[in-house]
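**Student:** Take this structure, written in structure tokens, and hold onto it; I'll ask about it next.
The values are calculated or read from the model by the stated rules, or taken from the named source; none is laboratory data. This one's a predicted model, so the numbers in the text were calculated from it and none came from an experiment. Positions of Cβ are generated from backbone atoms using ideal geometry, with glycine treated the same way; all protein chains shown enter the neighbour counts.
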There are 2 protein chains.
Amino acid sequence: MIEATGSAEQTRPPTIVDVARVAGVAIGTVSRYLNGQTVRSGNRDQIEEAIGQLGYQRNAFAAAMKTDLTGIVGFMVPSLSEFHSGILEHLSRKMRAVGRAVLCYCHDDDPRSVQEGLDFFATHRVDSLVMDGEPEAADRVRGLVQHGTPVVLYDNDLPGLAVDRVFVENRAAANRAVGHLLDIGHSRVAVLAGNQKNFTGRERLKGYFEALAEREVPVNRDYVVESNWKEVEAHAAMRRLLALEEPPTALFCCNYNMTVGALDLIKEYKLSVPHDLSIVSFDDVPLFRLYEAGITAVTQPVEQIAETILGMLLNRLNNRTSHAPSATVTLDCDIVLRGSTRRWTGSAGKTAQ
Amino acid sequence: MIEATGSAEQTRPPTIVDVARVAGVAIGTVSRYLNGQTVRSGNRDQIEEAIGQLGYQRNAFAAAMKTDLTGIVGFMVPSLSEFHSGILEHLSRKMRAVGRAVLCYCHDDDPRSVQEGLDFFATHRVDSLVMDGEPEAADRVRGLVQHGTPVVLYDNDLPGLAVDRVFVENRAAANRAVGHLLDIGHSRVAVLAGNQKNFTGRERLKGYFEALAEREVPVNRDYVVESNWKEVEAHAAMRRLLALEEPPTALFCCNYNMTVGALDLIKEYKLSVPHDLSIVSFDDVPLFRLYEAGITAVTQPVEQIAETILGMLLNRLNNRTSHAPSATVTLDCDIVLRGSTRRWTGSAGKTAQ
DNA sequence: TTGTACGCGTTATCAT
DNA sequence: ATGATAACGCGTACAA
């Protein structure tokens with residue numbers, strides 16, 4: 001597996017000084033040319049000739065030392081889940097169009113990694129930051145904000161910071177999802193809730209309680225289980241739910257992973273959706289359309305979230321002086337009705353063994 | 001939605017000079033302290049005190065100007081598909097552990113974006129590059145290599161470059177997948193092939209032909225359709241396949257998206273998997289385990305790919321002088337047998353209407 | 001071990 | 001519009 005490299009000795013990249021020398025003009029003139037200012041046409045040609053000949057590429061760091069503008073957007077999330085990777089893809093795409101790129105950091109819910117990530121962003125002078133709100137991040141984010149770095153929080157909140165925010169109507173969407181189950185006759189509706197330390201985890205669960213309260217359906221605490229967003233924990237939780245004396249007839253899963261965990265156990269128990277159990281998922285994926293009769297799901301407006309984030313960032317970046325108050329945008333979610341929910345008539349099918 | 005900012009005027013971050021002044025020592029001493037060299041213990045305390053008091057954070061760019069080491073890894077892929085986002089997540093995680101971060105660029109198969117992305121990497125002096133091989137990238141990547149930037153290609157090849165590579169045994173895995181279908185009695189096996197401009201697209205299709213040839217099954221050109229990796233094109237292609245006079249009894253889909261497209265039409269036509277059609281997917285996702293009787297799938301060793309990439313990069317980064325010849329690692333894929341494939345006995349069920 | 005001074009590649013500020 | 005030159009923040013010789 002050997003290849004002849006044949007390459008010339010690796011050479012230090014040419015600098016603006018080299019360009020100026022070859023073009024026979026002053027450094028400042030080259031700099032002005034590079035930054036799109038007017039240059040005498042004769043000089044322009046000389047400079048372009050020199051750049052092409054040398055293969056010159058500007059050193060963005062050296063420029064950043066003066067301008068404090070790196071064109072790099074920090075992006076920090078716990079993991080690249082379906083949802084976050086969708087956001088990242090859209091964000092990356094849109095940033096590309098405005099000459100920026102996204103520096104991606106996954107902290108895996110490890111507090112030390114959160115700190116290290118933000119330190120990395122700070123030392124590398126990202127000129128803006130997009131992140132999923134994380135309590136441990138508060139201090140360091142505050143530091144960035146004070147140095148004038150625009151920050152946008154999305155998905156989870158991180159209260160007490162003067163930054164922009166983009167959320168979805170978690171509570172309203174959850175309310176509608178659970179409300180749908182109640183409205184088609186279910187009274188025994190369980191919820192696989194996300195981690196309650198998270199804003200979204202709490203909001204979605206609030207939506208569940210709201211829907212019950214609005215219809216005066218009593219809360220059964222056995223039906224409320226926190227599964228920490230994870231597939232395996234949801235799987236275990238489902239087993240406990242189905243072992244109840246009165247197992248639920250409907251289920252609301254607060255994210256994609258937990259839906260998968262639930263479906264896994266449902267398959268293991270050979271239960272039928274929606275005959276034995278109706279199910280609604282928060283978060284949608286293409287395969288939910290195809291899974292048996294389809295999984296009813298709440299869809300988050302991923303692209304719109306990314307677009308909103310971009311708008312907020314560019315707004316701050318282009319008006320660095322205007323200390324406009326921070327804004328919060330909250331977007332609606334759709335709920336797509338598919339075959340995983342059916343009217344409950346009381347004529348139960350089989351339940352857990 | 002107004003918040004009192006109450007923050008002090010945004011201030012330029014403190015520099016090493018400030019630290020030196022407050023600590024009452026020379027700049028050089030602070031620099032040496034920062035880089036872990038020995039400093040008189042008294043001075044060390046003063047410096048640490050000053051750093052804490054000022055909230056000093058090193059400017060990595062200024063340092064990079066001297067060292068040419070930014071700690072940023074360029075990462076370029078066409079899109080953040082299931083596969084690529086998995087790679088990115090693992091890579092990001094592993095890079096975190098060695099104090100680096102990943103700058104993510106999606107080019108959307110747009111040649112100009114490929115160029116711009118590589119230019120961005122070059123101007124920002126990423127000190128290594130990981131990318132899905134892309135023909136349009138050849139020249140610019142060559143430029144990076146000549147300046148001594150370690151590059152690792154994965155997924156698709158980009159021939160003629162002296163760089164490291166990590167691939168999977170696309171051909172062998174496809175061969176086994178199709179071979180399995182043939183071995184359980186199918187002779188009418190169709191393939192939804194990826195774009196043939198791509199290395200993986202060609203290799204996986206070669207595996208298909210190989211499996212046929214090894215068993216002396218004649219090729220039916222009608223059964224070979226290129227669907228450009230996309231769900232919608234796969235959906236349309238499936239419609240044509242099922243309209244054939246002799247529709248296939250088994251199907252090999254060369255990636256996840258095309259499998260979804262195929263399943264979509266299968267659902268639309270109310271066909272049964274595997275009764276009417278056996279199906280194997282290249283690429284696996286959790287829901288494939290749960291879809292009806294399960295989808296038989298080829299799984300790529302995502303974490304192992306990321307680990308190999310990391311190893312290659314660190315190896316180059318830590319031995320910048322040793323001009324070791326470039327290496328290619330090719331990893332095996334597993335094939336997970338699930339319920340979407342069944343022995344073909346000739347007793348056909350219904351086919352397309 | 002410490003302090004000084006220079007250089008890294010670029011932008012910005014002057015005169016011109 | 002251009003050219004010369006002073007920063008920018010840090011690393012690193014070199015002299016002390």
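**Student:** How many of the residues in the range A:44-71 are in a loop (DSSP other than H, G, I, E, B) and within 8 Å of DNA strand C (Cβ to nearest atom)?
**Tutor:** Filtering the range A:44-71 for residues in a loop (DSSP other than H, G, I, E, B) gives A:55-59, A:68-71.
Subsequent filtering for residues that are within 8 Å of DNA strand C (Cβ to nearest atom) retains A:56-59.
Total satisfying the criteria: 4.
**Student:** Next question, about the same structure. Any residue at all in the range B:76-96 that's out of contact with any Pro (no Cβ under 6 Å at 6 or more places or on another chain), over 24 Å from A:Arg96 (Cα atoms) and more than 9 Å from every other protein chain (Cβ to nearest Cβ)?
**Tutor:** yes
**Student:** Now, a different point. Looking at B:Ala262, is it in a helix (DSSP H, G or I) and either within 22 Å of B:Ala173 (Cβ to Cβ) or modelled with pLDDT under 95 (or both)? Talk me through it step by step, then tell me what you get.
**Tutor:** On the way: in a helix (DSSP H, G or I): yes; either within 22 Å of B:Ala173 (Cβ to Cβ) or modelled with pLDDT under 95 (or both): yes.
Answer is yes for this residue.
**Student:** Please go through the range B:25-67 and pick out each residue that is among the small types (Gly, Ala, Ser), more than 7 Å from DNA strand D (Cβ to nearest atom) and closer than 26 Å to A:Gln146 by Cα.
**Tutor:** Of the range B:25-67, the ones among the small types (Gly, Ala, Ser) are B:26, B:28, B:31, B:36, B:41-42, B:50, B:52, B:55, B:60, B:62-64.
Applying the additional criterion that residues be more than 7 Å from DNA strand D (Cβ to nearest atom) yields B:26, B:36, B:41-42, B:50, B:52, B:55, B:60, B:64.
Listed by number, the residues that qualify are B:Ala50, B:Gly52, B:Gly55, B:Ala60, B:Ala64.
**Student:** Follow-up. More than 20 Å from the chain's Cα centre (by Cα) and within 14 Å of another protein chain (Cβ to nearest Cβ) - does that describe any residue in the range A:236-243? Outline the logic, then answer.
**Tutor:** Let us first name the residues in the range A:236-243 that are more than 20 Å from the chain's Cα centre (by Cα), namely A:236-243.
Pick out the ones that are also within 14 Å of another protein chain (Cβ to nearest Cβ) and you get A:238.
Looking through the range A:236-243, at least one residue is more than 20 Å from the chain's Cα centre (by Cα) and within 14 Å of another protein chain (Cβ to nearest Cβ).
**Student:** So, in the range A:151-160, how many residues would count as being surrounded by 22 or more Cβ atoms within 10 Å (Cβ to Cβ) and either of a type in the set (Phe, Trp, Tyr) or on the phi < 0 side of the Ramachandran plot (or both)?
**Tutor:** Step one: list which residues in the range A:151-160 are surrounded by 22 or more Cβ atoms within 10 Å (Cβ to Cβ), which gives A:151-156.
Of the ones still in play, those that are also either of a type in the set (Phe, Trp, Tyr) or on the phi < 0 side of the Ramachandran plot (or both) are A:151-154, A:156.
Qualifying residue count for the region: 5.
**Student:** Then there's this: Quick one: which residue in B:Ser326, B:Ser281, B:Ser322 is within 14 Å of chain A (Cβ to nearest Cβ), under 22 Å from the mean Cα position of the chain (by Cα) and assigned to a loop (DSSP other than H, G, I, E, B)? First the steps, then the outcome.
**Tutor:** Values: B:Ser281 fails: assigned to a loop (DSSP other than H, G, I, E, B); B:Ser322 fails: under 22 Å from the mean Cα position of the chain (by Cα).
Every option except B:Ser326 fails the conditions.
**Student:** Here's something else I'd like to know. Considering A:Val39, A:Val30, A:Val77, which residue is modelled with pLDDT under 95, buried (at least 22 other Cβ atoms within 10 Å of the Cβ) and either in the same structural domain as A:Leu313 (by TED's automatic domain parsing) or not small (Gly, Ala, Ser) (or both)? Write out each step before concluding.
**Tutor:** Working: A:Val39 fails: buried (at least 22 other Cβ atoms within 10 Å of the Cβ); A:Val77 fails: modelled with pLDDT under 95.
When all the criteria are applied, what remains is A:Val30.
**Student:** Among the candidates A:Thr70, A:Thr29, which residue alone is of a type in the set (Ser, Thr, Tyr) and more than 38 Å from the chain's Cα centre (by Cα)?
**Tutor:** A:Thr29
**Student:** While we're looking at this one, here's another question. Taking strands (runs of 3 or more DSSP E) that do not extend beyond the range A:127-217, which have at least 2 residues that are of a type in the set (D, E, K, R)? Before you say what the answer is, go through the steps one by one.
**Tutor:** Details: elements: A:128-132, A:151-154, A:164-168, A:189-193.
Hits in the range A:127-217: A:164-168.
**Student:** Can you run down the residue pairs with Cβ atoms below 8 Å, 6 or more apart or on separate chains, where the first is in the range A:289-304 and within 13 Å of chain B (Cβ to nearest Cβ) and the partner is part of a strand (DSSP E or B)?
**Tutor:** A:Ile295/A:Ile279; A:Ile295/A:Val280; A:Ile295/A:Ser281; A:Ala297/A:Val280; A:Ala297/A:Ser281; A:Ala297/A:Phe282; A:Ala297/A:Ile335; A:Ala297/A:Val336
**Student:** Considering only residues of the range A:131-153 that are among the aliphatic types (A, V, I, L, M) and more than 15 Å from A:Ile72 (Cα to Cα), which is nearest to the chain's Cα centre (by Cα)?
**Tutor:** Initial filter on the range A:131-153 (among the aliphatic types (A, V, I, L, M)): A:131, A:137-138, A:141, A:144-145, A:151-153.
From what is left, the residues that are more than 15 Å from A:Ile72 (Cα to Cα) are A:137-138, A:141, A:145, A:153.
Working: A:Ala137: 16, A:Ala138: 18, A:Val141: 17, A:Val145: 20, A:Leu153: 9 Å.
Checking each candidate, the answer is A:Leu153.
**Student:** Please work out if A:Val114 is at pLDDT 95 or above and either away from chain B (no Cβ under 14 Å) or in a strand (DSSP E or B) (or both). Walk me through how you get there before you give the answer.
**Tutor:** Values: at pLDDT 95 or above: yes; either away from chain B (no Cβ under 14 Å) or in a strand (DSSP E or B) (or both): no.
No; evaluated as a whole, the condition is false for this residue.
**Student:** Further question: Hey, B:Ala62 hits all of (1) crowded, with 20+ Cβ neighbours inside 10 Å; (2) under 19 Å from A:Ala122 (Cβ atoms) but one; which does it fall short on?
**Tutor:** Here B:Ala62 clears every test but (1).
**Student:** Checking the condition at pLDDT 95 or above, surrounded by fewer than 23 Cβ atoms within 10 Å (Cβ to Cβ) and under 28 Å from B:Glu210 (Cβ atoms), which residue from B:Ala177, B:Ala172 passes? Break it down into steps so the answer makes sense when it comes.
**Tutor:** Details: B:Ala177 fails: surrounded by fewer than 23 Cβ atoms within 10 Å (Cβ to Cβ).
Of B:Ala177, B:Ala172, the one residue that is at pLDDT 95 or above, surrounded by fewer than 23 Cβ atoms within 10 Å (Cβ to Cβ) and under 28 Å from B:Glu210 (Cβ atoms) is B:Ala172.
**Student:** If you don't mind, there's one more thing I want to ask. Can you find even one residue in the range A:241-248 that is surrounded by 21 or more Cβ atoms within 10 Å (Cβ to Cβ), in contact with a Phe, Trp or Tyr (Cβ under 6 Å, 6 or more places away or on another chain), modelled with pLDDT of 95 or more and closer than 20 Å to A:Thr345 by Cα?
**Tutor:** yes
**Student:** I'd like to know if the range B:125-132 contains one or more residues that are away from DNA strand C (no atom under 16 Å from the Cβ), touching a strand residue (DSSP E or B) at 6+ places or on another chain (Cβ under 9 Å), free of Cβ contacts under 8 Å to residues at least 40 places away in the same chain and of a type in the set (Val, Ile, Thr).
**Tutor:** Within the range B:125-132, not a single residue is away from DNA strand C (no atom under 16 Å from the Cβ), touching a strand residue (DSSP E or B) at 6+ places or on another chain (Cβ under 9 Å), free of Cβ contacts under 8 Å to residues at least 40 places away in the same chain and of a type in the set (Val, Ile, Thr).
**Student:** Let me ask something else. Looking at the range B:29-43, is at least one residue of a type outside the set (Ser, Thr, Tyr), in contact (Cβ under 8 Å) with a residue 12 or more places away in the chain, within 27 Å of A:Arg12 (Cβ to Cβ) and away from DNA strand C (no atom under 16 Å from the Cβ)?
**Tutor:** No: the range B:29-43 contains no residue that is of a type outside the set (Ser, Thr, Tyr), in contact (Cβ under 8 Å) with a residue 12 or more places away in the chain, within 27 Å of A:Arg12 (Cβ to Cβ) and away from DNA strand C (no atom under 16 Å from the Cβ).
**Student:** Cβ contacts < 6 Å: first residue without any contact (Cβ under 8 Å) to a residue 60 or more places away in the chain, restricted to the range A:48-73; second residue within 13 Å of DNA strand D (Cβ to nearest atom) and part of a loop (DSSP other than H, G, I, E, B), any location; separation 6+ or different chain. Result?
**Tutor:** Short answer, once both residue conditions are applied: A:Thr70/A:Arg125.
**Student:** OK, next. Scan the range A:14-69 residue by residue and report those that are among the small types (Gly, Ala, Ser), within 14 Å of chain B (Cβ to nearest Cβ) and over 24 Å from B:Asn59 (Cβ atoms). Step through it out loud before you land on a result.
**Tutor:** To start, the set of residues in the range A:14-69 that are among the small types (Gly, Ala, Ser) comprises A:20, A:23-24, A:26, A:28, A:31, A:36, A:41-42, A:50, A:52, A:55, A:60, A:62-64.
The next check asks that each one be within 14 Å of chain B (Cβ to nearest Cβ); those that pass are A:52, A:55, A:60, A:62-64.
Listed by number, the residues that qualify are A:Gly52, A:Gly55.
**Student:** Between A:Leu337, A:Leu310, which is surrounded by fewer than 19 Cβ atoms within 10 Å (Cβ to Cβ) and more than 14 Å from every other protein chain (Cβ to nearest Cβ)? Quick ask: steps written out before the conclusion?
**Tutor:** Numbers: A:Leu310 fails: surrounded by fewer than 19 Cβ atoms within 10 Å (Cβ to Cβ).
Step by step, each of A:Leu337, A:Leu310 is checked, and only A:Leu337 is surrounded by fewer than 19 Cβ atoms within 10 Å (Cβ to Cβ) and more than 14 Å from every other protein chain (Cβ to nearest Cβ).
**Student:** Would you call B:Arg316 more than 10 Å from chain A (Cβ to nearest Cβ) and among the basic types (Lys, Arg)? Before you say what the answer is, go through the steps one by one.
**Tutor:** On the way: more than 10 Å from chain A (Cβ to nearest Cβ): yes; among the basic types (Lys, Arg): yes.
When the stated conditions are applied, B:Arg316 passes them.
**Student:** Between A:Val273, A:Val260, which is within 27 Å of B:Leu80 (Cα to Cα), out of contact with any Cys (no Cβ under 8 Å at 6 or more places or on another chain) and within 12 Å of another protein chain (Cβ to nearest Cβ)? Walk me through it before giving the result.
**Tutor:** On the way: A:Val273 fails: within 27 Å of B:Leu80 (Cα to Cα).
On inspection, the qualifying residue turns out to be A:Val260.
**Student:** Would you pick out the residues in the range A:16-27 that are surrounded by fewer than 17 Cβ atoms within 10 Å (Cβ to Cβ) and either near DNA strand C (Cβ under 7 Å from one of its atoms) or β-branched (Val, Ile, Thr) (or both)? Explain how you work it out, then say what you get.
**Tutor:** Step one: list which residues in the range A:16-27 are surrounded by fewer than 17 Cβ atoms within 10 Å (Cβ to Cβ), which gives A:17, A:21, A:24, A:26-27.
Those that are surrounded by fewer than 17 Cβ atoms within 10 Å (Cβ to Cβ) and either near DNA strand C (Cβ under 7 Å from one of its atoms) or β-branched (Val, Ile, Thr) (or both): A:Val17, A:Ile27.
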